[in-house]
Structures are given as structure tokens and as C-alpha cells.
1. Just to be sure I follow the rule: in region 1-141, considering lysines 8 or more places apart or on different chains, how many pairs have Cα atoms under 29 Å apart?
2. Most exposed first by the Cβ proxy, i.e. fewest other Cβ within 10 Å, how do Asp229, Asp107, Asp41 rank?
3. Can you tell me the orientation of helix 386-401 relative to the chain, as the angle in degrees between its alpha-carbon axis and the longest Cα principal axis, to the nearest 10?
4. Bin width 10 Å, alpha-carbon pairs only: give the P(r) of the chain as whole percents, running from 0 to the bin holding the largest distance.
5. Greater than 20 Å separation of Cα atoms is the criterion. Which listed pairs, Lys275/Lys310; Lys205/Lys246; Lys205/Lys275; Lys362/Lys428; Lys154/Lys191, meet it?
6. Under the 0.36 nm per residue contour assumption, what length would be gained going from the current alpha-carbon distance of Leu283 and Phe234 to full extension?
7. Based on DSSP, what percent of beta bridges with both residues in the chain are antiparallel, to the nearest 5?
8. Find the centroid of the Cα atoms in region 411-449 and in region 304-354, then give the distance between the two in whole Å.
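Just so it is clear, none of the values below were taken in a lab; they were calculated from the coordinates. Please read these numbers as outputs of a predicted model, since none were measured by experiment. Every residue, glycine among them, receives a Cβ derived from its backbone with ideal geometry; neighbour counts consider all protein chains shown.
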Amino acid sequence: SVAVGYGEKGFSLQGAIRFTDAKKDILARMAEGKGQEGDVDALINSPVPGELILAPFEGSTYAVISGGMALVLASVEQDMVLVGFTPEDIAAAREALNDGSKRMKLDRRLPQGSFFFFHDNGMAASELQAESDGVLKDPVGNLLAEAGINASDKGFDFSVFTNFAKVFSLAADTPSMPLTKDDRILLGGGKPWFTLVGRPFLEKKHFQVLREAAAGGDYDAAQAVQFLDAAQQFGLDEDAILKILKTVGMVFGGQTKLFGSPLPGGYLYLSGETKEVHLLLPLMEMAARESGMPFEPVTKAGWTAFYALKDPVDFVMGIKDGVLLAGFLSPEALDAAPELSDRMKALYGDDRLQGFLHFDAKVVRDTILSLLDPEGPWAAFISEESDLVEGIPYILEGLKGALEFRSLDILASDMERADFTIVTEAAKQEDIDAISAMAAKWSAMGAEEQKKP
């Protein structure tokens, strides 16, 4: 446990590091004032011995030195080493250790046992505001940040919290609502392996901030303002844009075709107010007409407009009620229900979320393996590229190394907190053997290609 602070006397450090019984002889020696130069390396099992040197300071207090400079002071207390910048830091840490009333009281927001907590005294917020070129308003209140992590045999969960948006008046004036069932669009069949759905957390005041930044000389903000002004000729003023961008989604893993062969697809969508979304209809029609691609209008039940491209790849775009959708999907598979993992079913059924990301590494591996099957439909295309054939065994070795990685989730229930979950699982020997056999076949094919004149 380590606490770092800054006050009138400068920086302070108070920390306590607990060691296992295997280090008790070293701790006992240090407590008696008989610490040795290499004890720090021995305590932390340093991979670079000699970089940290333990030097006597006063009694059983030592200086930890690196490159001729004292980094911290250290002193033993029970089965722990206390650290600080000054003797006063060490004394304060010892008092806090022995008297619970002397310990710092933290208003924690996260559930993990291991955590980092930051409480600004005003310096960091003022510096961020000064460097923002007018984008950030004057800070209101103290800036807080917290990060927590837990680890287990099944993976890791990591959370972050910050009141940054509230301190700099970026938070929504009205609370944002969780995603509705209609916002969580899944179609096009297949096995989705990546999903990103969320509220944009956009309000009208953010447009004003953008315009003020543009007036202050910010180039990127000026480009954005130019786009907003141009959009007004289509009726897309700021109010309309807010009503269109209620939800933004991206899904990879639907069904499409390339030159008639099946391939995983993907799509983007916007979900908002029906009237305002229909303002995008002329833009979509113009995109289809002027793209130079053979888009065909298709009459499809429930869709106000729908365009499909079949050559060389299946691609669709359309508007249905308050949804604009575009992506690599086969029209005939559009209404097919995707096959969802248990993890994705849980996310799509969680009515508390305002946004989430899901990455299914297992589906990605299975998809890549199906594409690289030496007896599959894509083998003929792949075998025409000798450099690719030679590289496939290395790709497959990489897949073997990632077999334990199952999935990644990032969840958001508001603007202040995000939760990350990495799920792992034991690699199965049959999967390792199957990938090794596939790599051997491609290696043999590569060797045969090299023999050709």
C-alpha cells in the first residue's frame, strides 16, 4: 500500500510492503540495523541485481539508492517494510499502521481489493484546464480518479472511475438513459465476435464548446464546425443531429459473400428519432447513386429505403423506422438470427448499461481457422499467394499461443465508470494438436511451392 501527497512542504510518501515468510530472515536482520547492501534485490527478487542498494541511514532506517541517488527511506515494522521520502513519512506510516484512526479515509467507488486512488488538491485540474485551449471549463470541485483490479484463475476484472466530466462541466445536464432493447440491434446471422454499442453522451452545449474552440484557433474543431454548417442544408441542424445520434452501434460477425464465397461480415448503425433519421435518406440515396458501384434499390418489408450491392462483395444500406444501417451483409441473410455466446446474451439482456464492448476471441480464432483450412473453400485463393502460404504456419502458432484468451468486455453504466473483464480458459490439447496439424499441412504446401520452377 502506497500513498503519495503534495502539500506546503512538497511531496510526501507513505507506504507499506508486506513480504512472505521466505523473507523473514532478511527483515529480521534489517530490523536489528544489520541490513546488507544487496538486501533490496533479495527482497524483491530483482531481475537486475545491483541496481538498488541498501545503505544505512539512522538506526534501523535505510536509504534505497540507485545510480548514486537516494530514492526512498525504508524501515522494517513487523512483517512489512515501510517506505517514505523523509523520516517524518516513515514515522507517520508507522503510526497509521498501529493506529487505525490515523489512517486515510477514502471514499472508494470500486469493489476490487487492489486499487489506485487519486485525489487532486486543485493543481492537476488547473493544469489540465490551462492546457486545453479553452475546451475545458474552469474546474468545479476536486478531481478524483480510482482504478481497481482483481485476478483469478478465470481471468481479470479491472475498473476505472473518475469525476472528470463533472469537474469540467462536461457531464450531461439530464441523466442519460440505459440502452433499450431496440437500441441493441442484432441481425445478419453468423456469430458476432465484436460488438460496440453505446450512447454518445452528446448534448447541445458540447456543440457550443466546439464552436468556441474553433474560434480560438483549434484546427480540428474548425473542421468539425465546417461540417456542421454544411449539414444544415439537408435539415441537419444541431437538434436533429442529437435526435439521430441517440445510439451508435458496430457489430462484426454477420454473413456476407466475397465473389460468391461466404465470409464474416459486419455493420454500423445509428438509432434515433424516426423523423430526424429520415433526413438522412437523401444523403444515402446520393451515396448509392454517386458511389460508382452497382447498388440496386430493393423493396423490403418494413424498410423505408434499402440498397444492396452484390459484386464483388455483398453490402447493404438502408433506413428502417429510426435506424440507419450500413455494412457488409448478404441481403438474404439480413433477417437471420445471429448465434450468440452466453457472454453476449448476458450483455444484450443487461438493462442497466449505457454502453458496452464485447470481443469474443474464441469466435475470431474459429473464424480464422475456418478461413485457413487447407481443405476449405478459401484454400485455392490463398495458395496462389506463395508469401502468404509461407506465413500461415506462423499465424497458426500465434493462435496456439492465444488459446487461453476467451473474451474481453468493457461496460459503461454512466460517464464516470467503466468496467473491464478479461476471461481466460485452459487451452485444450485437442485444439493445440488440430492447429499443429493444420500448420504442418501448410508448411508442406509451402515446401511444394518452392520446388516449382
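1. Lysine pairs, 8 or more places apart or on different chains, close enough: 6.
2. Asp107, Asp229, Asp41
3. Roughly 50 degrees, rounded to the nearest 10.
4. Result returned by the calculation: 4, 14, 18, 20, 19, 14, 9, 3, 0.
5. Lys275/Lys310; Lys205/Lys275; Lys154/Lys191
6. Difference between extended and current length: 16.8 nm.
7. 100 percent
8. Each part's Cα centre sits 25 Å from the other's.
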